[in-house]
Amino acid sequence: MFGDGIFAVDGDKWRHQRKLASFGFSTKVLRDFSGVIFKSNAAKLAHVFSSYATSNEKFDIQDLFMKSTMDSIFRIGFGVELNCLEGSGRHGIEFAETFDAGNELIVIRYLNPFWKIVRYLNIGSEATLKMKIKLVDKYLYELINIRIQQLSSIGNKSSNKEDILSKFIEESIKDPERMTLQYLRDIVLNFVIAGKDTTAGTLSWFFYLICKNPHVQEKIYKEVKEAIEADEDVTFDAFSSSINDESLHKMHYLHAALSETLRIFPPAAMDSKVCFSDDILPGGYNVRKGDIVYYQPYAMGRMEYLWGKDAESFCPERWLDDNGIFQPENPYKFPAFQAGPRICLGKEFAYRQMKIFAAVLVRFFKFKLSDEKKVVQYKVTTTLLINEGLFFSFINGRLVYTVSNDVRKPLRNIILQWDKFRRATKAKHRVDTEAHLNSLCMKVDSGTSISDPEIIEVKDLKASLDRIYAETSSYWVQRAKKRWLKDGDRNTRYFHLCASHRRKVNWISSLQIQGRVVFEQAEIASSIRDFYRDLFGREMKPHLNIKWKSLYGSPSLNINSLDDPFTLTEVFEIGD
């Protein structure tokens with residue numbers, strides 16, 4: 001499957017691809033272009049998380065990372081929108097599934113010493129792998145041909161040549177004998193391997209580890225908030241767009257946590273090198289030309305003589321100096337990105353993507369495992385993944401991750417501003433009506449005749465004033481009820497009783513405030529308490545978008561809305 005890609009060749013072919021790739025990764029154009037894509041996809045991922053949350057659905061975070069990183073590498077590498085994460089790109093999803101299946105089948109070769117015989121007979125896993133490779137090739141050749149046609153049509157318009165594939169296609173025009181269509185296919189596929197599973201797997205292990213170590217998650221959250229100053233009610237898209245290189249450089253603890261994840265769960269758990277000539281290894285072992293020497297980054301990351309007595313522990317602090325500044329390790333000690341001439345060209349590229357994704361998600365969500373005691377199992381393909389995925393789900397009507405932002409204060413301020421305006425408007429209306437009515441009544445009392453229209457106006461003003469007095473009375477009656485129930489727990493109970501009385505629902509699993517979802521019952525209680533602080537007896541609606549989701553059934557749109565206040569009758573019935 002890998003063909004003559006950079007991971008599968010040596011000698012001139014490796015040097016040629018390495019040279020072209022190193023030039024591509026070093027350009028500011030690609031760095032800026034990739035940053036835009038990473039931030040956009042991080043925001044999309046946050047939206048998907050939020051949608052799963054509001055629908056109470058169980059979801060696999062590793063699967064979402066796989067889809068998102070696939071979208072990223074195809075957009076950056078080949079200028080193509082797969083839309084795997086959003087589910088709208090059918091061909092992209094089919095390619096991703098076929099690619100993943102083929103990737104798993106390749107590992108079987110390490111377990112079956114007779115795989116070449118199986119391939120010759122075209123049976124079993126080798127027959128399936130052959131079919132998967134044909135499907136992968138079909139998609140990739142179509143992609144390359146389409147991109148070649150696009151580049152021919154746009155000529156020298158450099159703005160449309162930001163992706164990596166375009167650079168290789170330009171080189172193929174200069175050297176058509178070496179860079180054939182097959183050669184381009186191999187290069188493309190190796191970039192997919194490098195940019196998809198490794199990053200998605202590391203992010204999955206990262207979130208697993210910060211769930212196991214909540215103090216680390218809290219430190220990252222605080223660091224992200226300090227590095228990227230934003231309003232409490234900032235949107236996913238606005239926040240991700242505000243991330244820049246300067247803010248990423250400030251996130252030393254996040255960088256350390258990701259490096260610690262790579263130490264414990266390196267994407268390539270085991271790797272090998274082929275001896276170029278006869279040699280003697282430092283341990284005194286003789287090797288001959290052509291011998292394969294295996295080494296295990298997975299085991300190296302757990303060696304106490306390299307990392308100390310706490311080598312098995314997740315400790316980001318080991319990467320920081322006394323001032324909290326990240327200190328990189330020797331790549332031969334920490335070979336997650338290999339070392340020497342074959343050190344990964346996309347190392348900084350990968351860190352940037354992981355830091356952006358992690359910063360956005362940790363900023364808006366607090367993660368918890370559904371089963372704290374469950375130990376995840378390994379799934380070894382060409383990279384080290386979590387077997388059967390990493391799922392988050394609802395327990396007793398509550399999502400196992402919660403929004404960590406404090407939504408109460410901004411919500412309260414908005415409501416208080418509205419109430420101040422409302423009360424001032426009502427008071428002015430009452431005073432103006434009373435003054436105008438008094439002036440007309442004084443004319444009558446003084447014996448001055450008034451016209452028929454003025455007589456009708458007096459009647460209308462009296463009726464309007466009666467309504468104002470009734471509304472004011474209702475407002476203060478309900479405010480008195482609210483004061484009587486001002487205790488937090490009792491006020492929350494009061495809200496639930498009202499909801500049960502009107503809608504036959506006695507539990508609220510989530511509350512959506514200005515597009516952001518709250519799941520923690522304490523936050524729901526405080527938000528509801530503030531929302532109803534000045535809303536009893538109102539006529540106009542505040543400029544808020546607040547919805548709640550019940551635990552049972554599928555509530556109608558009317559049920560989901562908190563815009564309709566409880567009536568005076570309901571308040572008396574519940575309060576008595």
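The values are calculated or read from the model by the stated rules, or taken from the named source; none is laboratory data. Note that the coordinates shown come from a computational prediction; the quantities given were computed from them, not determined experimentally. Ideal geometry is used to build each Cβ from the backbone, glycine not excepted, and the neighbour counts take in all protein chains shown.
For the structure I just gave you, tell me whether Ala350 is of a type in the set (A, V, I, L, M, F, W, C), at pLDDT 80 or above and in a helix (DSSP H, G or I).
Against the criterion (of a type in the set (A, V, I, L, M, F, W, C), at pLDDT 80 or above and in a helix (DSSP H, G or I)), Ala350 qualifies.
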Per the filter on region 321-345, residues buried (at least 16 other Cβ atoms within 10 Å of the Cβ) and either hydrophobic (A, V, I, L, M, F, W, C) or under 25 Å from Phe239 (Cβ atoms) (or both) are Phe326, Phe334, Ala336, Phe337, Cys344, Leu345
Here is a check on your reading of the model: is Met354 among the hydrophobic types (A, V, I, L, M, F, W, C) and surrounded by fewer than 17 Cβ atoms within 10 Å (Cβ to Cβ)? no
Within the group Val36, Val29, which residue is in a helix (DSSP H, G or I), surrounded by fewer than 16 Cβ atoms within 10 Å (Cβ to Cβ) and at pLDDT below 80? Val29
Could you grab the pairs with beta carbons closer than 8 Å, sequence gap of 6+ or different chains, first residue in region 463-480 and over 14 Å from Ala427 (Cβ atoms), second one assigned to a helix (DSSP H, G or I) and at pLDDT below 70? Ser474/Leu568; Val477/Leu568; Val477/Val571; Gln478/Leu568; Gln478/Val571
The listed residue being of a type outside the set (Val, Ile, Thr) and closer than 14 Å to Met354 by Cα, out of Ala238, Ala227, Ala257, Ala268: Ala257
Has region 374-394 got any residue that is assigned to a helix (DSSP H, G or I) and under 20 Å from Ala268 (Cβ atoms)? no
Just to be sure I understand the filter: pairs with C-beta atoms under 6 Å, separated by 6 or more residues or on different chains, first member in region 287-316 and over 24 Å from Thr383 (Cβ atoms), second member assigned to a strand (DSSP E or B). Which pairs pass? Val287/Asp279
Yes or no: Asn323 farther than 26 Å from Tyr221 by Cα and over 22 Å from the mean Cα position of the chain (by Cα)? no
Gly102: passes all of (1) in contact with a Lys or Arg (Cβ under 7 Å, 6 or more places away or on another chain); (2) modelled with pLDDT of 85 or more but (2)
When Ser166 is run through (1) touching a Lys or Arg at 6+ places or on another chain (Cβ under 8 Å); (2) free of Cβ contacts under 8 Å to residues at least 60 places away in the same chain, the failure sits at (2)
Just one of (1) modelled with pLDDT of 75 or more; (2) closer than 30 Å to Ala127 by Cβ trips up Arg75, so point out which. (2)
Just to be sure I understand, how many residues within region 77-95 are under 22 Å from Leu385 (Cβ atoms), touching a Lys or Arg at 6+ places or on another chain (Cβ under 7 Å) and in contact (Cβ under 8 Å) with a residue 40 or more places away in the chain? 1
The helices (runs of 4 or more DSSP H) lying wholly within region 155-251 that contain at least 3 residues that are surrounded by 16 or more Cβ atoms within 10 Å (Cβ to Cβ), of a type in the set (D, E, K, R) and in contact with a helix residue (DSSP H, G or I) (Cβ under 8 Å, 6 or more places away or on another chain) are 214-227
Between Ile93, Ile73, Ile61, which is in contact with a strand residue (DSSP E or B) (Cβ under 9 Å, 6 or more places away or on another chain) and surrounded by 16 or more Cβ atoms within 10 Å (Cβ to Cβ)? Ile61
Which numbered condition Lys273 misses (of (1) in a helix (DSSP H, G or I); (2) surrounded by 14 or more Cβ atoms within 10 Å (Cβ to Cβ)): (1)
It is to be established whether one or more residues within region 360-367 are buried (at least 17 other Cβ atoms within 10 Å of the Cβ) and touching an Asp or Glu at 6+ places or on another chain (Cβ under 8 Å). no
